[in-house]
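As structure tokens, the structure follows; a few thoughts come after it.
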Amino acid sequence: MTIDDCRRFYAEEIRFTADVRSPALVEAFARVPREKFLGPGPWEIASADVRGLSVMGAIKVSYTPVDDPRDLYHNVVVVLDKAGDINNGQPSALAHWIGALNLQAGDRVYHLGCGVGYYTAILAEAVGSAGGGTNGSVVGIELRPDLAARAQENLSGYPNVTVHTGDGAEFDPGPCDAMLINAGVTHPSPLWLDRLREGGRLVVPLTMSAAPTVGVGMMTKIVRERGGFSAQIVTALAIYSCRNARDAQREPLLKTAMTSGALMKMKSIRRDAHEPADTCLVHGADVCLSTVEVA
Ligand SMILES: [Zn+2]
């Protein structure tokens with residue numbers, strides 16, 4: 001099989017394993033050359049399912065060294081920095097989360113924690129690349145300067161993508177139709193909610209710390225409706241933590257909500273001033289994870 005055949009098969013496999021309903025998103029996976037984003041081989045790959053268990057100390061992951069770029073077109077994570085716990089993430093998981101964003105041609109997308117930019121390119125392809133007349137755009141940010149520099153270089157052929165180096169917890173992406181937060185937080189930042197346009201979708205991992213750099217939790221989809229911010233669980237996950245967007249006071253509350261199963265009853269993110277009540281899962285003055293449905 002040629003590498004183009006492998007990439008096409010990979011995209012078709014993701015279509016079914018990640019339940020991707022958007023043809024544009026499947027095409028993006030069939031088009032974007034993953035090997036170009038990962039730099040020269042050899043690479044080390046691992047099953048993401050195995051890696052998730054390793055985060056909880058259940059098992060030790062064994063990575064497989066590969067030097068044929070065709071081997072990157074499987075549902076595997078690829079090591080970027082083994083000691084730092086940084087990988088290019090699991091394609092089926094990312095595809096499912098990106099699918100939850102319901103991207104439309106012309107959308108403006110924010111990608112926090114863009115790493116070396118592979119999934120940023122997928123986002124850019126899904127919202128329309130240059131010349132189509134419905135150009136969307138993506139703004140990415142990456143905390144690690146070495147990765148951000150690689151993302152900038154890797155994405156230099158995408159005029160509709162901008163990559164910043166810095167702290168995503170502080171960064172203001174401007175008004176957006178969709179946001180993918182690619183690192184675990186205790187709560188959605190008020191700034192992200194403020195910057196979501198009406199109808200805008202935010203996909204964000206709410207996690208409890210499981211290891212120094214990694215947390216486990218629930219990928220959550222938040223939609224800005226007329227009457228407030230609706231919230232629903234998308235998948236369970238293990239993901240690298242966004243250190244600067246974690247609140248020590250909320251951490252134990254979120255852990256309780258998660259381990260008791262109460263978080264599954266989350267229906268909304270409340271922004272209005274209110275006293276803590278039984279409907280508050282993780283109460284905060286600015287952002288509260290709540291069981292109250294959006295009116
Ligand atoms: Zn509350």
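Remarks
- Tabulated pairs, region 108-130, first over 20 Å from ILE239 (Cα atoms) and in contact (Cβ under 8 Å) with a residue 12 or more places away in the chain, second of a type in the set (D, E, K, R) and part of a strand (DSSP E or B), C-beta under 6 angstrom, 6+ apart or interchain: ARG108/ASP177
- For region 260-279, a residue qualifies if it is free of Cβ contacts under 8 Å to residues at least 12 places away in the same chain and either touching a helix residue (DSSP H, G or I) at 6+ places or on another chain (Cβ under 9 Å) or more than 16 Å from the ligand (Cβ to nearest atom) (or both), and the qualifying residues are SER260, GLY261.
- The one condition in (1) within 13 Å of the ligand (Cβ to nearest atom); (2) over 21 Å from the mean Cα position of the chain (by Cα) that VAL294 fails to fulfil: (1)
- With respect to being in contact (Cβ under 8 Å) with a residue 60 or more places away in the chain, part of a loop (DSSP other than H, G, I, E, B), more than 10 Å from the ligand (Cβ to nearest atom) and more than 26 Å from ASN87 (Cα to Cα), ASP247 falls outside the description.
- When THR186, THR207 are checked against the criterion of being touching an Asp or Glu at 6+ places or on another chain (Cβ under 8 Å) and not small (Gly, Ala, Ser), a single residue qualifies: THR186.
- Scanning region 184-212 for residues that are of a type in the set (A, V, I, L, M, F, W, C) and either part of a strand (DSSP E or B) or within 17 Å of GLN249 (Cα to Cα) (or both) turns up VAL185, LEU196, LEU202, VAL203, VAL204, LEU206, MET208, ALA210.
- Residue in region 113-129 that is surrounded by fewer than 24 Cβ atoms within 10 Å (Cβ to Cβ), among the small types (Gly, Ala, Ser) and closer than 21 Å to TYR73 by Cα present: no
Every read-out reported here was derived from the displayed coordinates using simple, explicitly stated rules and does not represent laboratory data. Source: prediction; values computed, not measured. With ideal geometry, Cβ positions are generated from the backbone for all residues, glycine too; neighbour counts draw on all protein chains shown.
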